[in-house]
Every structure is written in structure tokens, then in C-alpha cells.
């Protein structure tokens, strides 16, 4: 369904995507995981034909994105980040517009169907501007699905909505598995785990990990993060000291303190506290933090980044 | 960082190169289309384009290659290049169309369509061995006017197949060209037409001004006709009867009207009837008209014979005879010439001085043309509504008697008012400045002041005016206190008719079909104002409010 | 070009369901009505009303109205992000721009049609030169099309509607002045070339006088084509910027 080969995107002298390869098959939900600025959005924009790749090829349903852009666009349902809408259109009008623009045959029936599918039927006469964020998200999905595309690309579909709505959207995405190839991006690990069959992790424009959520979890297991607030010295001195501690992989200044990522699977807190006190610093605060994806990436990419 | 900034520079240079290539191509193509030859502008454009291409290729070779091999995706360079290319295509197309002069006249009066009369004249121009040129003086701030006028003039150029060309000059930038026209420019003439010399300069002796009026076709066509007729009409001023000096620019001279004739392309010359009579000669064959302006003595029989001979072969006379308190006054009631005019044209001069108490002139003896017989070629432009200066003004004018049963068609041109009379007691006027209406002795108004007659058989024509002073510079100069433009108009109209000049150069006035707004009462105006100012914008506001309420508030 | 009619209909509906568009229409009518009533009061029994009166006023009014009509078209799409969806829909960039442009032009045509009321009034109280008026209306219709195309360029250029309108007005003001060129440029030949580039220079000497000259139509059509082309390129530039 989606075949990406050696995809490169350069903006001027900045390379946003550095030669990535992946495939997505029908009936598969693939999560594109990565921190902000990793190249997720750029990749997706190239997949949808919004921008052409600098190098490499993308084939969607066998059509090349550059050569056969129109065929590709007809077969892709796309929901960009933060769901762009026309605030002064009605819900129905909005979906109808996209249906017509994408050449849907029986517009009325299809619009009715997707509105029903995303429980927007009773709000079809409402202006889009009065919809809540969660409803807008559903509207974005309805828009992306109205022309029954075999390939669905969703850019951060759960960003900026409240937890209950997140669940709704996740359910909706999960329901799309049937017959569609779904690629969706996120920077939240747990979300990807719940929804996807397969996860591709990218960072700095490169694929740094790929596999089922289970294998990734295993890879990521044994990482720990500790947040400490230390007093008694300059930030630079403290930071340098912390880096020298064995098993500490990464130190980053955050808020008033430091976020320490460790390699070992044992709790490093006692060791840390001892060493810091020995050095003559005072610990004001120390707590374990759930490993955030961003920091996981740092460990995954440790060897590749100088 | 160093390396990066250099790369950007290269890219920018490449972009600059592509822009230069586009600009060069535009310049070269435009210049080529404009002149349809390979001139320096074309060369310059090609060189700039070539340099641009070289720069582009040198600085960003991949982009350059990609642009021409076509596989390249959209890039700023190609976007700018294609835009310039499009601009060039549009420009070229514009220039081609501009040269084709395709005009469609939508005015109901066909104001931008040359009439058959003009087209006929332009066919004459086309056959003429010398081309004509329209010369317009426009300052930079008159560009808009120039474009409006040009819309007319280009019709002439197109219709004459280029026999008439246009030239526009900025009088400030090229004072040398403007210098010979300074007087006319000061009088608000700014367009001229004349023959072109073989060396490409304008033949100044043939140049005639184009009057500055709204009906431009008429002014231009008449001006062209005047140029074409230039030299073919010659009028003679009689200068032997103590007449007005046609060359004198004093108050009592008539140089202004003489110059007017010349400016219209009529050749003027002088003759003396006494010399002709003495030498046994006749009035020259090329005379289109003879002007006898304010003679101060009676003609001798020999002189009369010369005039008779001229009239009998179809000559044209313009006679302006003043009143003088002398015994041998020209055309006195009993003179042989007066009798001759009566028998030939049914017109004769009386010895009564017209007194018009209703005349708005400085005195009752200053007769301002009260009534003008319906518009004809002689009275055109006289007594215009709203412009009192277009009336004629005579001083101590003599009444003319018009035979109601004339031997040839004749008629009156200008009457005095009902309240006027012809004072027969001229001694009282001259000696005591006294004039009292005496119903028994005096002639009753209205009286003829100007009359005309034409013999259809011989084509002899006459215009007889009971005043001579009105021709003097004192009455025709704009600086004069008695200035009346009607005087010059009457004179020019008369000569135009007598010589047949105006028949050749006059453009039939066109009737315009549009009408002013009819006054329909203040109430109707109020209704219109209400509908347009309140109802219509108000309904738009109401719709805006309704939509706002329905869509944004109710939800 | 299959997308053009769909985009056109959406944009047109957006105009006719927007209160702002009707406010613009109201302002448009007030300005033209003031001129009309003033001229009528002067003209009564004295002279015929200038057949090109309303179009003449519009040459100035459009400098301010046209950018207001077009400012939303692409700038809003750009800011809201809907442009990304449009550019990934199976329609060409050109059909998006053209569809939007045509909608603006049709809305302007609607505004222009409203001013025909003045002509209807005139027919009832005088004998005006209707064909002359028709010519002037054709001219101002094209003129309006050209100003809208210029406005569209600036809507494509920026995400801010206010900035788009402001830049559009400045550009149109520069393009507009023809009768003042002589006061700026001393060289009359250069002045004439600039004159031929101005909007006014192709309207006042011809359309307003009741004459249709092919070169003027080419000028306005050419301006529209070039401006649309630039707009399309600018929209396209979203793909590689």
C-alpha cells in the first residue's frame, strides 16, 4: 500500500528526512513515533503529495507520488495536525465540500455515512466554529474518510484534546483497520502501543527503531529517569558532575533541576543521592519519572549521534 | 557557518542570473516587436539574457540543468522565470494589439467614429503628395488629456493609412519646437496640423491650429481641410479708398483679422482699385473675394467699372461701409454704386444711423446684435447663449435696406432690436450727440445691419455691413474695451462663405442625442435619494445583521 | 480543472453567507449613491449626466474594496491550515486559485449589478447614453477583475488578512495613478510607458469615454492572467518553501 524508498527531504541546507525506507500493508495500523521536529510531519506531507521529496520514491497503491500525484491524492485520506477547518461552514457542508472535491460518486450517501460513523449526524447543521476540539477531531476523520481512501494518514490525531476525547479518537482509528492502510503519527509512546500493529520510530529524520509495540517496549525496558533539584554549586559544575556518574546516560537541565536518564534497570536513586551528598551538594528534590519518549530516543540514538 | 553563507550567495546569484535571462528576453522581444528590426535594444536584451543564462548556469548548474531538462520540481527560479516569460508574452501581445488599433465606439452619438465627411477628406489626404502631421503639445502633467485626445487622433492616422502621423512634444523639454507656436500656445491652442516637408520637419507655413473644443472630430477635420485648402483661396484687401490698413496693428488697423485669415490658410494680398482703373486692368483672376473695409470716400466711375466687371464674372464682395459726416461718403444713398447694388443684389445702404436704446453696449450708438437670423453659415457661433461676448458690436452703424422682391436671393443676417430706429438727422448726432426718434423722418426698427445676397447664375456673392469700425483691431483685440468675439466671427464666417472656403472646410455640426436630466420636482429627487442612500445600503445592512444573528448568535 | 467549480461554489457561498461581505456591499452602495445624488443635483436641466459616472467613481473605490474582498481568499486558508488539505486533494493548484478568484469576481459583479439601479433611475428621468454606459460598465468590470487579481496575489503572499488587504491597497494605489505621473516623472516618454502600466490609464481615456479599445481589454486580461499566475506560483511555493 505505502512503499517508501530512500526518502530524503532537504530544506535549503537543512535535511529534515535523511533517507528512510518503510512499507505499510493494507489492514495494518502503523504508528510513526518521534519527538517534535523528528521529521514525522515532513514525511507525511510527502506521502500525501503536499510536497515533493528531494530524493527517493514513494508509491501509494502502486502510484508514484510525484509522477501520478492526482491518483495518489485520490487514494489518500489525510488529517493534518490540529485539523484545519472552515469555521463558517456547517458540519455537513464541510464534509460535502471535501467529498465533492475528491470526486465521490454518491456524495449525499457517503456524507451521511461518515457523519453517522463519527456520531456527527445530529450536529450536521451546526457551524464548525461551534464544535469542541474533540468533535473537530472527529470531523477531521470524517473528512479524511469520506472518499473511502485505501490509505489513511493521520498527523497527531490526539494532540490537544482532553483524555476522554483521546479515547474516542483512538477507538475510531482502531476501527479503521479493516481494509485500510493507516499511518498515524504521535509523540506519545503509550498511545502508539495501544493502537498500532507496528511502530516506526524516527528521530532527526532517520528511522531509529521499528517493530511491534511489544518488542519496542522490551527494548525500552530498563530505562529510568530521575529528576533532581540540586543546590550548592553552579549549574555547569553540577551538570558535569552528574554526567560522570556511572550508568548515567544523559543529563538535561529542566525547570530548576536536572533530568537524568540511566541505563541500569536497578533503581539508581540511592546511589545518586549518596554521590551527590558526598560531593558536597544538597538535594532539594528527587523523584523517579516515567520514561518519556523523547528521552528514550536519546538512548536509542546515543550511538549514532556524536 | 562560513560555507553555508557562500552557498546561499551562489544560489542567489543563480536566481539573479535567471531573472536577468528573463528580463533580457523580455527587453529583446519587446524591442524587436516594437521596431520589427534588429536594433541596439534587441542586442542589449540578448546580451543581458546571455549573461544571465551564463551566471545561472555557473552558479547553480543542477538547477539550470533541471530547469531545461524539465524533470525538476517547482522551484523559485523556474517560478520567477515562467512568470517573466508570461509577462513577456502578454507584453508582446499587448503591443501587437495596440498597433492594430481595434476600437469599438459605443457612444450613442458615434463620437469616436469618423463620419463619412471626414473619411472622404482623409481619402483626399491619402492622395495628397505630402503627408500631414498632427502636432500636439502636452506637458507631462497633461498625459491623461493626451491619451484622451490620442484616442481621436489615432483614428485619423488609421483611417488615412498613415498619411497622417501624430507627434507629441513636451513644450518644456523641447522649447525649440514649441517656439514658433508660442503665441497660439498662449491662446490655449495646443494641437496643430500641417504638411510635412520632405526632410521630415513640419512645414510651418501650412500649420493651422486645431480649435480646442469638445467636439474634437469637427475641430480636427476642419483643421485638416484648412491645411489642404491652404493657398487655394486668396482674398484681396482694397487699400486705395482710404480703407483700413490690413497690415497696421494700430487700433485703427485690421491686422488681427488679416492674421486670422492667414492662420486659416487663406492667402491675403492688397490691391488698389484706382491703380487697376488707371492701368485698365481688372481684379486678379485668383481673387476669391474682395474686401472693402471702411472706405472713406466715394468710388469713382472708373473704379466702379472695375468692381462691376468683377461682380459680373462671379466675384465676391465684402463691404463694410461706415458712416462719415462728409459729403462723399462711400455708398451714400444717391451714389451710383449704391444704385448698382440695389439693382444687382436688392441691397442698398441708407444714410440713417442706427440708434438702439435697448442695446447693452456702452451707448445707444453701440449696437449690439440683438437678433440673429436662424443659424446659418454666416451666423454660426454668434449670439451664443450664456456668452454675451459672442454678439457683434457696431458703432454708428448704417441701416441697410433689403429689397423684399429682390432680383437675386438675398436676406438679412443681423437685425437691431424692435426699439431701435434709423436716425436720419445725422448732423444732430455728430454735432450735439443728440438722437430723438422722429416717427415721420426716421426709419423704424428693427433694421438690417448686415445683409447678404447671391446670384445663383454668376455665383456672385456679397456681404454688406453697415459698419466698418467693427473690423478694426480696436474692436477685435482681446485687450480692447469694446472687445466682442462676435465681430471676428462674423468676419471669418463672411469670408468663409464668400470664398467658398467654409463650404470646403466646414464640418457639418452633429446633433447629440442625449438630454439633460429633466427637472422632475424636488419630491422626486427626495425619493431617489431615499432609495439610493438609505433603502439600498440599509437592506444590505439588514441582510448582514440577519446572517449574523442566524449564524452566530442563535447557535 | 475539475475542482474549479466546486471551489468556486464554496467561495461564492462563503461570500453570500458572510455578514462582512454585505457590510462591504453597503459601504459600496453608500459611496456610489452619494456621488450619484450629488451629480444628479448638479446636472438637473443643465447637462446630461456623465454616462460613465458610477464606473468613474469605482476606479477609486475599487482600490479599497477589492483587497477587502480578496484578503480572505488564500490568507485564511493559509492561516487555518486548510490550504494543506486543499493541496493534497486531487485538484490542481491552478484550479484552486482560479475557483477562488472567479468567486470574488462574481461577487464583485453582484455589487456592480446593484449599481444598475442608478441607471434605471436615469432612464426614467432623462435620455442617457446607455450604450456608452454599457461600455463603461464593461470597462469597470474588467478593471475590477484586475484589481481583484492583484488583491489575490497579496492574499496568497501572507497569512494575515489585514496585511494582505493593506499591501493590496498600496499596490493598487501605485498601479492606479495615471494623471499624477507627469508630476512625478519629468520625462514624458517614460511617463507614457508608466501611464500604459496604470489601471486608470486604460480606463479614463477610453472606457469612460464610451470607447472600447482592444489594447485595454488585453491590458486588463493580461494583468489578470499574470496576477493569477503569480498567485498560483505563490500557492505552489507552499510545497517547496
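A compact table of results
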quantity: Unmet criterion (only one of (1) buried (at least 18 other Cβ atoms within 10 Å of the Cβ); (2) assigned to a helix (DSSP H, G or I); (3) modelled with pLDDT of 90 or more) for residue A:41; calculated: (3)
quantity: Residues that are surrounded by fewer than 20 Cβ atoms within 10 Å (Cβ to Cβ) and away from chain C (no Cβ under 14 Å), drawn from region B:164-174; calculated: B:165
quantity: Selected residue [within 14 Å of another protein chain (Cβ to nearest Cβ), modelled with pLDDT under 95 and in a helix (DSSP H, G or I)] from C:173, C:83, C:167; calculated: C:83
quantity: Test: residue B:452 is modelled with pLDDT under 80, more than 14 Å from chain C (Cβ to nearest Cβ) and touching a helix residue (DSSP H, G or I) at 6+ places or on another chain (Cβ under 8 Å); calculated: no
quantity: Single unsatisfied condition, residue A:158 versus (1) closer than 23 Å to residue A:39 by Cβ; (2) in contact (Cβ under 8 Å) with a residue 40 or more places away in the chain; calculated: (2)
quantity: Count of region C:184-193 residues which are within 26 Å of the chain's Cα centre (by Cα), within 8 Å of another protein chain (Cβ to nearest Cβ) and modelled with pLDDT under 70; calculated: 0
quantity: Qualifying residue in region A:134-152 (condition: within 14 Å of chain C (Cβ to nearest Cβ) and part of a strand (DSSP E or B)); calculated: yes
quantity: Unmet criterion (only one of (1) in a helix (DSSP H, G or I); (2) within 14 Å of chain C (Cβ to nearest Cβ)) for residue B:125; calculated: (2)
quantity: Top-ranked residue of region B:239-263 - restricted to ones that are in a loop (DSSP other than H, G, I, E, B) and buried (at least 23 other Cβ atoms within 10 Å of the Cβ), ranked as nearest to the chain's Cα centre (by Cα); calculated: B:254
quantity: Odd one out for residue A:25, checked against (1) at pLDDT below 90; (2) away from chain C (no Cβ under 14 Å); (3) crowded, with 21+ Cβ neighbours inside 10 Å; calculated: (3)
quantity: Region A:94-112, residues that are at the interface with chain C (Cβ under 8 Å from one of its Cβ atoms) and surrounded by 17 or more Cβ atoms within 10 Å (Cβ to Cβ); calculated: A:97, A:98, A:100, A:101, A:102
quantity: Answer from B:389, B:420 - the residue that is over 25 Å from residue B:329 (Cβ atoms) and assigned by TED's automatic domain parsing to the domain that holds residue B:500; calculated: B:389
quantity: Residue B:211 vs. criteria surrounded by fewer than 22 Cβ atoms within 10 Å (Cβ to Cβ) and either under 30 Å from residue B:193 (Cβ atoms) or touching a helix residue (DSSP H, G or I) at 6+ places or on another chain (Cβ under 6 Å) (or both); calculated: yes
quantity: Scan of region C:224-241 for residues that are more than 8 Å from chain B (Cβ to nearest Cβ) and assigned to a helix (DSSP H, G or I), ordered by number; calculated: C:224, C:227, C:228, C:231, C:232, C:234, C:235, C:238
quantity: Where residue A:52 falls short, out of the listed (1) outside any loop (DSSP other than H, G, I, E, B); (2) touching a helix residue (DSSP H, G or I) at 6+ places or on another chain (Cβ under 7 Å); calculated: (1)
quantity: Condition met for residue B:323 (touching a helix residue (DSSP H, G or I) at 6+ places or on another chain (Cβ under 8 Å) and not in a loop (DSSP other than H, G, I, E, B)); calculated: no
quantity: Lone qualifier among B:114, B:86 - being in a helix (DSSP H, G or I) and either in contact (Cβ under 8 Å) with a residue 12 or more places away in the chain or within 8 Å of another protein chain (Cβ to nearest Cβ) (or both); calculated: B:86
quantity: Residue, farthest from the other protein chains (Cβ to nearest Cβ), within region C:8-62, restricted to residues that are in a loop (DSSP other than H, G, I, E, B) and surrounded by fewer than 22 Cβ atoms within 10 Å (Cβ to Cβ); calculated: C:50
quantity: Residue within region A:168-175 that is within 24 Å of residue C:2 (Cβ to Cβ), more than 14 Å from chain B (Cβ to nearest Cβ) and surrounded by 15 or more Cβ atoms within 10 Å (Cβ to Cβ) present; calculated: no
quantity: Residue that is modelled with the highest pLDDT [pool: residues in region B:132-152 that are within 21 Å of residue B:116 (Cβ to Cβ) and within 12 Å of chain C (Cβ to nearest Cβ)]; calculated: B:152
quantity: Selection status of residue C:73, part of a helix (DSSP H, G or I) and under 23 Å from residue C:236 (Cβ atoms); calculated: yes
quantity: For residue C:109: the one exception among (1) in contact (Cβ under 8 Å) with a residue 40 or more places away in the chain; (2) more than 10 Å from chain A (Cβ to nearest Cβ); calculated: (1)
quantity: Filtered residue count, region A:113-123, keeping only those that are outside any helix (DSSP H, G or I) and surrounded by fewer than 17 Cβ atoms within 10 Å (Cβ to Cβ); calculated: 1
quantity: Residue in region B:330-347 that is closer than 29 Å to residue B:417 by Cβ, touching a helix residue (DSSP H, G or I) at 6+ places or on another chain (Cβ under 7 Å) and without any contact (Cβ under 8 Å) to a residue 12 or more places away in the chain present; calculated: no
quantity: Checking residue A:90 against (1) out of contact with any strand residue (DSSP E or B) (no Cβ under 7 Å at 6 or more places or on another chain); (2) more than 8 Å from every other protein chain (Cβ to nearest Cβ); (3) under 19 Å from residue C:11 (Cα atoms), the condition it does not meet; calculated: (1)
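The values are calculated or read from the model by the stated rules, or taken from the named source; none is laboratory data. None of the values given here were measured: they were computed from a predicted structure. Every residue, glycine as well, gets a Cβ built from its backbone with ideal geometry; the counts of neighbours run over all protein chains shown.
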